Amino acid sequence: QTCALPIFQPRNTTVAGHVLWPYPEAVQVDIGGNIVQKPAPLTISLLSDQIAPFQKVGSPAPQLLTNSSELVVETANGTAVFARLRIQVAGTYRLEFARLSMTTQSEAFQILPGIPIGLYMQTEPGVGMSGFELKPFPVVGFQDVYGNFVPNVPKSPAVKAFLLKNTGNSTLLCGGRFPCVRMSVEGRIFFDGLGRSEERRVGKECRSRW
């Protein structure tokens, strides 16, 4: 009779969207520590310890993804191997293996964001009177292909803000710094001091340059 589920877990860090390697495994053993050879279905699930900060609004919830969409595996020679599992949301997680009412958990491991591919708005600009700073001021972040915030950006690219839609003769005020260019600080760009010269409805766009 199975009484324990020893496990073999993936390495401590994996990049978002990459396959967990080595493949997670669970072995069913009896009270004497002997492998139970009789086939049995084992289920794997994801437990979230901590999701990485500054996730993009609307990002999907963390989940285990697999090409076969199979999170229940029949043991072979007492072992269930869960192949080609992926997690796209950066954070700290554990895996839980279950057979009937018996469960066991892996140690915590991290999913890291991938390479930065674009920008997203972390803090939308607020409303400001003509000639005054926008409150709150815009904060922009770098994101990977899955929408994860990327704090470590190579070459510290500069990001420029400018008016996207201008229905009049408004001018973007940059708090004494012109043009409105900021450098990223740990993947975030703070556009403090940003305002406009007239009370008109305007849009803003931020672009980066490597």
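The values are calculated or read from the model by the stated rules, or taken from the named source; none is laboratory data. This one's a predicted model, so the numbers in the text were calculated from it and none came from an experiment. Ideal geometry is used to build each Cβ from the backbone, glycine not excepted, and the neighbour counts take in all protein chains shown. For accessibility, only protein heavy atoms count, side chains too; no ligands or nucleic acids. Shrake-Rupley method; radii C 1.70, N 1.55, O 1.52, S 1.80 Å.
Taken over segment 150-179, the criterion of being assigned to a loop (DSSP other than H, G, I, E, B) and at pLDDT 80 or above is satisfied by Val150, Pro151, Asn152, Val153, Pro154, Lys155, Pro157.
Please determine whether any residue of segment 119-132 is assigned to a loop (DSSP other than H, G, I, E, B), touching an Asp or Glu at 6+ places or on another chain (Cβ under 8 Å) and modelled with pLDDT under 90. Yes, the conditions are met somewhere in segment 119-132.
What are the residues in segment 34-48 that are open to solvent by 50 Å² or more (accessible area, probe 1.4 Å) and assigned to a loop (DSSP other than H, G, I, E, B), if any? Steps first, please.
If we filter segment 34-48 for residues that are open to solvent by 50 Å² or more (accessible area, probe 1.4 Å), which is where we start, we get 34-35, 37-39, 41, 43, 48.
Listed by number, the residues that qualify are Asn34, Gln37, Lys38, Pro39.
Confirm whether Phe109 is farther than 22 Å from Val185 by Cβ, over 16 Å from the mean Cα position of the chain (by Cα) and buried (at least 18 other Cβ atoms within 10 Å of the Cβ). For Phe109, the condition - farther than 22 Å from Val185 by Cβ, over 16 Å from the mean Cα position of the chain (by Cα) and buried (at least 18 other Cβ atoms within 10 Å of the Cβ) - is not met. For beta carbons closer than 7 Å, sequence separation of 6+ or different chains, a first residue in segment 24-42 that is on the phi < 0 side of the Ramachandran plot and among the hydroxyl-bearing types (Ser, Thr, Tyr) and a second that is open to solvent by 70 Å² or more (accessible area, probe 1.4 Å) and assigned to a loop (DSSP other than H, G, I, E, B), there are no qualifying pairs. If only residues of segment 88-106 that are among the polar types (S, T, N, Q) and more than 25 Å from the chain's Cα centre (by Cα) are counted, the one that is farthest from Val145 (Cα to Cα) is Ser101.
Per the listing Leu100, Leu85, the residue uniquely over 16 Å from Gly187 (Cβ atoms), open to solvent by less than 20 Å² (accessible area, probe 1.4 Å), out of contact with any Asp or Glu (no Cβ under 9 Å at 6 or more places or on another chain) and of a type in the set (A, V, I, L, M) is Leu85.
Only one of the numbered conditions (1) in contact with an Asp or Glu (Cβ under 7 Å, 6 or more places away or on another chain); (2) surrounded by 14 or more Cβ atoms within 10 Å (Cβ to Cβ) is not met by Gln55, and that is (1).
Just checking, how many residues over segment 143-159 are over 10 Å from the mean Cα position of the chain (by Cα), among the β-branched types (Val, Ile, Thr) and open to solvent by 60 Å² or more (accessible area, probe 1.4 Å)? Steps first, answer last, please.
Of segment 143-159, the ones over 10 Å from the mean Cα position of the chain (by Cα) are 151-159.
Imposing the further condition that a residue be among the β-branched types (Val, Ile, Thr) reduces the set to 153, 159.
Pick out the ones that are also open to solvent by 60 Å² or more (accessible area, probe 1.4 Å) and you get none.
Residues in segment 143-159 being over 10 Å from the mean Cα position of the chain (by Cα), among the β-branched types (Val, Ile, Thr) and open to solvent by 60 Å² or more (accessible area, probe 1.4 Å): 0 in total.
Of the residues making up segment 10-33, those that are touching a Phe, Trp or Tyr at 6+ places or on another chain (Cβ under 9 Å), open to solvent by 50 Å² or more (accessible area, probe 1.4 Å) and in a loop (DSSP other than H, G, I, E, B) are Arg11, Asn12, Pro22, Tyr23.
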